[in-house]
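Novice: Got a structure here, written out as structure tokens. Questions coming.
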Amino acid sequence: MMLVATGTISAGKALMNTLIGMGTVFLVLIFISFIISLFKYINQADAKKPTAEIKTTPIVPAPVIEEAEEEEELVDDTELVAVITAAIAAYAGTSSEGFQVRSIKRAAKSAWK
């Protein structure tokens, strides 16, 4: 069964529907704001309850064991120098015979993005 709307709604009835809908929303918003205003009393009710005195022992943090950082030996990085030289040669499209790596410095991580 299909309902088909036939006829028109008068301006007075449309205005009344609008006012009833807006009034309902307004009343619900007032009710919600009243409920929210009662939230401040929740902590006060908990604070008035007597609490049993609990004896606590102070928490002592565990000793921090510092691990010695291994210092890299930069003098004997022949494999790293060979890889970097090969990568530069491949990028430039030439042989690696004319290159000489004198120092290696780590680039900032933001340079790789």
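The values are calculated or read from the model by the stated rules, or taken from the named source; none is laboratory data. Not measured: the values here are computed from a predicted model. Using ideal geometry, Cβ is built from the backbone for each residue, glycine included, and neighbour counts are taken over all protein chains shown. The area values use the complete protein model at the heavy-atom level, side chains included, leaving out ligands, DNA and RNA. Shrake-Rupley method; radii C 1.70, N 1.55, O 1.52, S 1.80 Å.
Novice: Restricting attention to segment 27-64, and to residues there that are of a type in the set (D, E, K, R) and open to solvent by 100 Å² or more (accessible area, probe 1.4 Å), which single residue is modelled with the highest pLDDT?
Specialist: If we filter segment 27-64 for residues that are of a type in the set (D, E, K, R), which is where we start, we get 40, 46, 48-49, 53, 55.
Checking the rest, the ones that are also open to solvent by 100 Å² or more (accessible area, probe 1.4 Å) come to 40, 48-49, 53, 55.
On the way: Lys40: 86, Lys48: 69, Lys49: 67, Glu53: 64, Lys55: 68.
Here the residue is Lys40.
Novice: Kindly provide the set of residues from segment 88-101 that are surrounded by fewer than 10 Cβ atoms within 10 Å (Cβ to Cβ), more than 40 Å from the chain's Cα centre (by Cα) and modelled with pLDDT of 75 or more, ordered by number. Spell out the reasoning first.
Specialist: Taking segment 88-101 and keeping what is surrounded by fewer than 10 Cβ atoms within 10 Å (Cβ to Cβ), we get 91, 93, 95, 97-98, 100.
Those still in the list that are more than 40 Å from the chain's Cα centre (by Cα) too: 93, 95, 97-98, 100.
Gly93, Ser95, Glu97 - these are the residues of segment 88-101 that are surrounded by fewer than 10 Cβ atoms within 10 Å (Cβ to Cβ), more than 40 Å from the chain's Cα centre (by Cα) and modelled with pLDDT of 75 or more.
Novice: Something else: Step by step: first the residues of segment 68-87, then only those that are at pLDDT 70 or above and under 39 Å from the mean Cα position of the chain (by Cα), then the one that is surrounded by the most Cβ atoms within 10 Å (Cβ to Cβ). Which residue is that? Break it down into steps so the answer makes sense when it comes.
Specialist: Step one: of segment 68-87, the residues at pLDDT 70 or above are 77-87.
Applying the additional criterion that residues be under 39 Å from the mean Cα position of the chain (by Cα) yields 80, 83-84, 87.
Numbers: Leu80: 13, Val83: 11, Ile84: 15, Ala87: 11.
Ranking the qualifying residues of segment 68-87, first place goes to Ile84.
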